[in-house]
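The values are calculated or read from the model by the stated rules, or taken from the named source; none is laboratory data. A quick note: this is a predicted structure, and the numbers were derived from the prediction, not measured. Cβ coordinates were reconstructed from backbone atoms using ideal geometry, including for glycine residues, and neighbour counts include every protein chain displayed. The protein model used for the area step is the full one, side chains on, heavy atoms only, and it has no ligands, DNA or RNA in it. Shrake-Rupley method; radii C 1.70, N 1.55, O 1.52, S 1.80 Å.
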Amino acid sequence: MDVDALLARVLRQSAVLLVADARGVVLYASERSSEVMSNALVGESLEALFAGEGGMMDELWPTLRAGGTWTGAIARKDPSGGLSWLRGAVFPVRDEAGELRFVATATPVSRAAHLEGDLRDAASFYEQAPYALQSLDEGGRILRVNTTWLTWMGYTRDEVEGVLSFKDVITSESYALFLEAFPVFKERGSARDIEFTFRRKDGSTFPGLLSSTAIKDASGRFVRSRAVILDLSARKRAESELAEAKRIADAANKAKSEFLSSMSHELRTPLNAILGFAQLLGRDKSPQLTARQLGYLKHVLRGGEHLLRLIDEVLDLARIESGHVPISVEPVDVEAVLREVSVTLDPMAQSRGVTLALMPLPPDLPQICVDRTRFSQILLNLGSNAIKYNRAGGQVSFVASVTASGEVRVTVSDTGIGIPAERQAELFQPFHRLGQETGSIEGTGIGLAIVKRLVELMGGRVGVHSTMDKGSEFWVEFPAAAITPEERVSSVPRTPAHRELASSEGRRYKALYIEDNPANLALMQELLATLESFELLTAPTAEIGIELARAHRPDIVVLDINLPGMNGFEAIEHLKSSPETRAIPVVALSASAMERDLRRAEQAGFSRYLTKPVKIEELEGALSELVARPRA
């Protein structure tokens, strides 16, 4: 058999056979192609030739570009204006030179044959669709379903079509919803995303989402519905798993918060007595302590304060990680904060023989949008580390600059021992002290972790560069605030001046302290004994304290929160609801130091919320300010 001759005859006799280049321009057409297509074909584009009413161009090029073969029907307008139908295929090939070519073949078909093919395609799509399809009559009887519906529900077609009603394949709760929605649907003509619980033949159920369209006759009378049903089982499982994961995470977070709160309270209560009495001993003017004993006292204070810092930093880190740290962003003057931090750190630097330097600042240094308190906390942490890990006679420098990208960078550099390059990645991880755990320098290993999280919470960046035996540079960057010089506001905090406890007339104030811990009661008695302007009343329970407050009308009440019986929050509610005591300022003095405790105290009406262990100067300041206020 002469294959070449046979192929040549096929090419000549093919109804339509075209070869196009990579752009779709026809290079070759078989002899009969022009007769069928009624066009001069060579030089025309496939797009122009086949752009009829069949919609093939929407699929043709994406299919060919993916290396596939397009097949389908083509509707073309003939010279008389009527439609001619072709069924064909287009596929990519490479010629002998490796050039991309497209080969198109087509055969004329009748309109009836085309419609018959379309109907077969539509029927196949209906039956094999990846979702369930159904039709109901006006009474809710099931007229037709597809194969997917039967597979999901576990029925045969003969058991369903014309036999079952929609109520037979849904739960009673869903049927009540159907009775309410179906009349509205028939009137409006459509319904979207109604959730039903479907019941399979074996009695098991699954959630489904139904959307439906009403088919009506020429008079507008309802004939049947056409509905699509989506199986929501996978989505519901995912939602359930997500909800359970959230519940577990919330429970773990709550347990952690409760543990930290309890730990803080249990540690702060004894620390209050330790640090409180140690502070009183240090303030005692009588020459009862020797120089050696005063040295011992300093060690007690230093150790207690270190433990208190550890407690505070653990709580601070926990608040940040749980997203409960309050951040109040505002334009902040970098220079003002740097000067405050320098003044605060200077005594520490002098005691360690380190020079602290604030380098000259750029004259046009912009403000930054940060939380001022947290920004100060960041710089104090970096500065105190630079002093602690420095060497005698070393230097710590604060430098502020504007980067090429317009951000404000503050660098804290030191001339200390440096950090090994292989361990610098551990710097910002909690509880990593990089070998200093057993050294003489006090630290918690939490400070830099807090710095990193605070910087990121405020939209900034933090980094480090360090060389062993030469020193380290820690830097933070924040975007410049977009404000004009006229809009710059002073960020220097105003601290109210405390009035002297003893008035010019020598008036004595009466304080009531409600506290169940004997050591804390003794501490307050000793503290106020040093203040001649105060007389102290004490009560071991809130109930007794409330009676004393009504009877004696003290100038101020200091109230513990965790009391036996009635707690401090219940006690202040009683005090504020009584006409005799509602105007008396109440100070909370508690070992509970969680953020939620402070918020709750503010809402309850406390004038101050002080945490144990008490700082004597802070307590004195609160007392002096509050007793001097005029009563409302």
Residue count, segment 393-411, condition open to solvent by 40 Å² or more (accessible area, probe 1.4 Å) and under 29 Å from Asp312 (Cα atoms), comes to 3
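In this structure, is Leu575 touching a helix residue (DSSP H, G or I) at 6+ places or on another chain (Cβ under 9 Å) and at pLDDT 90 or above? It would help to see each step written out before you state the result.
Values: touching a helix residue (DSSP H, G or I) at 6+ places or on another chain (Cβ under 9 Å): yes; at pLDDT 90 or above: yes.
Yes, satisfied.
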When Leu521 is run through (1) outside any helix (DSSP H, G or I); (2) open to solvent by less than 70 Å² (accessible area, probe 1.4 Å); (3) closer than 29 Å to Gly282 by Cα, the failure sits at (1)
Checked against (1) under 39 Å from the mean Cα position of the chain (by Cα); (2) farther than 16 Å from Ser225 by Cβ; (3) open to solvent by 50 Å² or more (accessible area, probe 1.4 Å), Phe206 satisfies every condition except (3)
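State which residue is modelled with the lowest pLDDT when the search covers only segment 236-293 and only residues that are outside any helix (DSSP H, G or I) and hydroxyl-bearing (Ser, Thr, Tyr). Break it down stepwise before answering.
So the first thing to find is which residues in segment 236-293 are outside any helix (DSSP H, G or I), and the list is 284-290.
With hydroxyl-bearing (Ser, Thr, Tyr) added as a condition, the list becomes 286, 290.
Working: Ser286: 60, Thr290: 74.
In this case the residue turns out to be Ser286.
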Quick count over segment 534-557, residues being under 44 Å from the mean Cα position of the chain (by Cα) and touching a residue at least 60 places away in the same chain (Cβ under 8 Å), is 1
Pairs returned, first residue in segment 167-181 that is free of Cβ contacts under 8 Å to residues at least 24 places away in the same chain, second residue that is part of a helix (DSSP H, G or I), beta-carbon separation under 6 angstrom, 6 or more apart or interchain, are Tyr175/Lys167
The one condition Ala571 fails out of (1) out of contact with any Ser or Thr (no Cβ under 8 Å at 6 or more places or on another chain); (2) in a loop (DSSP other than H, G, I, E, B); (3) open to solvent by less than 20 Å² (accessible area, probe 1.4 Å) is (2)
Of the residues in segment 336-374 that are open to solvent by less than 70 Å² (accessible area, probe 1.4 Å) and among the charged types (D, E, K, R), the one that is nearest to Ile387 (Cα to Cα) is Asp346
Counting only residues in segment 524-534 that are of a type in the set (A, V, I, L, M) and closer than 19 Å to Lys612 by Cα, the one surrounded by the fewest Cβ atoms within 10 Å (Cβ to Cβ) is identified as Met524
The helices (runs of 4 or more DSSP H) lying entirely within segment 50-155 that contain at least 2 residues which are at pLDDT 85 or above are 147-153
Among residues of segment 409-445 being assigned to a loop (DSSP other than H, G, I, E, B) and over 27 Å from Ala357 (Cβ atoms), the residue modelled with the highest pLDDT is Gln429
Checking Glu195, Glu244, Glu187 in turn, the sole residue that is of a type in the set (Asp, Glu) and within 21 Å of Pro130 (Cβ to Cβ) turns out to be Glu195
With the first residue restricted to segment 92-107 and required to be over 16 Å from Gly24 (Cβ atoms), and the second required to be open to solvent by less than 40 Å² (accessible area, probe 1.4 Å) and assigned to a strand (DSSP E or B), Cβ contacts under 7 Å at 6 or more apart or on different chains are Thr107/Leu86; Thr107/Gly88
task: Assess whether Leu230 counts as being at pLDDT 75 or above and in a helix (DSSP H, G or I).
output: no
* Does Ala386 satisfy being assigned to a helix (DSSP H, G or I) and either open to solvent by less than 20 Å² (accessible area, probe 1.4 Å) or at pLDDT 90 or above (or both)? -> yes
With respect to Ala539, determine if the residue is at pLDDT below 85 and more than 25 Å from Ala278 (Cβ to Cβ). yes
Of (1) aliphatic (A, V, I, L, M); (2) at pLDDT 80 or above; (3) in contact with a helix residue (DSSP H, G or I) (Cβ under 9 Å, 6 or more places away or on another chain), Ala480 satisfies every one except (3)
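Could you tell me whether segment 343-354 includes any residue that is of a type outside the set (Lys, Arg), over 21 Å from Val399 (Cα atoms) and either outside any helix (DSSP H, G or I) or at pLDDT 70 or above (or both)?
Residues of segment 343-354 of a type outside the set (Lys, Arg): 343-351, 353-354.
If we keep only those that are over 21 Å from Val399 (Cα atoms) too, we end up with 351.
Imposing the further condition that a residue be either outside any helix (DSSP H, G or I) or at pLDDT 70 or above (or both) reduces the set to 351.
Scanning segment 343-354 turns up at least one residue that is of a type outside the set (Lys, Arg), over 21 Å from Val399 (Cα atoms) and either outside any helix (DSSP H, G or I) or at pLDDT 70 or above (or both).
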Of (1) open to solvent by 40 Å² or more (accessible area, probe 1.4 Å); (2) touching a strand residue (DSSP E or B) at 6+ places or on another chain (Cβ under 6 Å); (3) of a type outside the set (Lys, Arg), Val557 fails just (1)
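Select from segment 209-229 the residues that are open to solvent by 50 Å² or more (accessible area, probe 1.4 Å), in contact (Cβ under 8 Å) with a residue 24 or more places away in the chain and either within 19 Å of Ser165 (Cα to Cα) or of a type in the set (Asp, Glu) (or both) and list them in ascending order. Can you show your working first?
Let us first name the residues in segment 209-229 that are open to solvent by 50 Å² or more (accessible area, probe 1.4 Å), namely 213, 216-219, 221, 223-224, 226, 228.
The next check asks that each one be in contact (Cβ under 8 Å) with a residue 24 or more places away in the chain; those that pass are 213, 216, 223-224, 226, 228.
Matches in segment 209-229: Thr213, Val223, Arg224, Arg226, Val228.
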Within segment 159-200, residues closer than 21 Å to Lys236 by Cβ and of a type in the set (Lys, Arg) come out as Arg192, Arg199, Arg200
Within segment 578-591, of all residues that are open to solvent by 10 Å² or more (accessible area, probe 1.4 Å) and in contact (Cβ under 8 Å) with a residue 40 or more places away in the chain, the one farthest from Phe259 (Cα to Cα) is Ala583
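Just the residues that are open to solvent by 50 Å² or more (accessible area, probe 1.4 Å) and of a type outside the set (A, V, I, L, M), please, taken from segment 535-554. Talk me through it step by step, then tell me what you get.
Pass one, segment 535-554, residues open to solvent by 50 Å² or more (accessible area, probe 1.4 Å): 535, 538, 540, 543-544, 547, 550-553.
Correct list: Glu535, Thr538, Pro540, Glu543, Glu547, Arg550, His552, Arg553.
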Of (1) assigned to a loop (DSSP other than H, G, I, E, B); (2) open to solvent by less than 10 Å² (accessible area, probe 1.4 Å), Phe606 satisfies every one except (2)
Worksheet item: Mind checking whether some residue in segment 225-236 is among the polar types (S, T, N, Q) and touching a Leu at 6+ places or on another chain (Cβ under 6 Å)?
Response: yes
